[in-house]
Amino acid sequence: MSERFRVLISLLLAMICWAFSFVWIKQAFLSFTPLTILVLRLIISAALLASILKFLKQLKPIQKQDFKWFVLLAFFEPFLYFLGESFGLELVPSTVGAVIVSTIPLFAPITDRLFFKSRIGWPNLLGILVSFTGVLLIIIKEDLSLAAPLKGVLLMFVAVFSTMGYSIVLKKIPAGYNAVSIITYQNTIGIFYFLPLFLYFDAPDLSTLQIHDEALVAVLLLAIFGSSLAFIFFTYGIRKIGITKANVFVNLIPVFTAIIAWYVLGDALTLQIMIGIAFVIGGLFISQIKINQRGIRQRRTEAEGAK
């Protein structure tokens, strides 16, 4: 299996995990508040990953000079990202929330250019434009109004911009740390960000919670797939092909979410949404076109010489 194929499969799996997360969060709301869900999923995720790494002897200790980067990494994700996503999904439908998150690739090339001086090719820009057209078809109703409250939309954009910060800081983490170690540390540190909020707002009411089996299973699935495997797959991909190309795959989240939410939650799957999905997928393929710039320059030189 080629590395390019492994990266493709890894990023697709991350998007599927995150697409399911938008549905699982809705199910977890049957019993738990956003802060309780976040603390539970991070504790389960961190314990699971740390146990596996300890058993495999693959947990790389954090070097003193790198600790600040891990603290900052955890601030952006899981702290800011999950705050925006979880509280935002209390107000917006799963599909709309996923669509807003899929705007991440619109900002990624700018971030990549400003901080890492990466070149942005026209296939990337055209692919983003086509995909965003699909995003608009999904998020805007026939009367041109938004399909969600403004407060919910703004909270979801907190998640979007926190991902930009996460991507930047992730580049500062030395290559010697494997993806699983990075996710283990960011989730562990993330617990300490959320804990004061949880103890103040949610802990006093824990005794009154009515726990449904569906909600409990949803939290477990969020911890294993949404907070663990998805980040591992995505971290592997972003370290291999860069911020811009990896983030374009985020456009697939609303595609998967729309289908899953239709099947599991009974959300509407209209013709407009399906057309939007087609645009999103088309934009993804366009963005991944590889151009042989050296060959183009050589042909131009030969043509000029012939004149």
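The values are calculated or read from the model by the stated rules, or taken from the named source; none is laboratory data. The structure presented is a predicted model; accordingly, all values stated were derived computationally and were not measured. For neighbour counting, all protein chains shown are included, and Cβ atoms are generated from backbone atoms with ideal geometry for every residue, glycine included. Accessible surface areas use protein heavy atoms only, side chains included; no ligands, DNA or RNA. Shrake-Rupley method; radii C 1.70, N 1.55, O 1.52, S 1.80 Å.
Data for the structure
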{"quantity": "Alpha-carbon Rg/Rh ratio, for region 1-98, with Rh computed the Kirkwood way", "calculated": "1.02"}
{"quantity": "Tensor-based shape of region 151-272 (alpha-carbon gyration tensor, a/c under 1.5 rounded, otherwise prolate or oblate)", "calculated": "oblate"}
{"quantity": "Mean shadow area of region 137-194 over all directions, Cα convex hull, nm²", "calculated": "6.0 nm²"}
{"quantity": "Acute angle (nearest 10 degrees) that the helix 104-116 long axis makes with the longest principal axis of the chain, alpha-carbon atoms", "calculated": "70 degrees"}
{"quantity": "Dipole of the chain, positive direction: furthest Cα of 178, 258, 31, with charges on the beta-carbon", "calculated": "178"}
{"quantity": "Cα-based Rg / Dmax (Å) for region 53-211", "calculated": "18.7, 57"}
{"quantity": "Estimated vicinal HN-Hα couplings, Hz - region 214-220 in sequence order (Karplus 6.51, -1.76, 1.60; Gly, Pro = x)", "calculated": "4, 5, 5, 4, 4, 5, 4"}
{"quantity": "Acute angle (nearest 10 degrees) that the helix 252-264 long axis makes with the longest principal axis of the chain, alpha-carbon atoms", "calculated": "40 degrees"}
{"quantity": "Under 27 Å between alpha carbons - lysine pairs in region 61-217 that sit 8 or more apart or on different chains", "calculated": "8"}
{"quantity": "Computed helical MRE - 222 nm, the chain, DSSP H runs ≥ 4 contributing -39500 (n - 2.57), nearest 500", "calculated": "-23000 deg cm²/dmol"}
{"quantity": "Calculated diffusion of region 222-286, Stokes-Einstein form, Kirkwood radius summed over Cα pairs, 10 °C and 1.306 mPa s, µm²/s", "calculated": "120 µm²/s"}
{"quantity": "FRET efficiency estimate (nearest 0.05) - Cβ-Cβ, residue 268 to residue 214, R0 22 angstrom", "calculated": "0.50"}
{"quantity": "Lys/Arg +1, Asp/Glu -1 at C-beta; the chain dipole; positive extreme among 72, 147, 136", "calculated": "72"}
{"quantity": "Dimensions (Å) - the chain, Cα atoms, principal axes, largest first", "calculated": "84, 55, 34"}
{"quantity": "Largest-first ordering by accessible area, 1.4 Å probe, given options 6, 41, 119, 113", "calculated": "119, 113, 6, 41"}
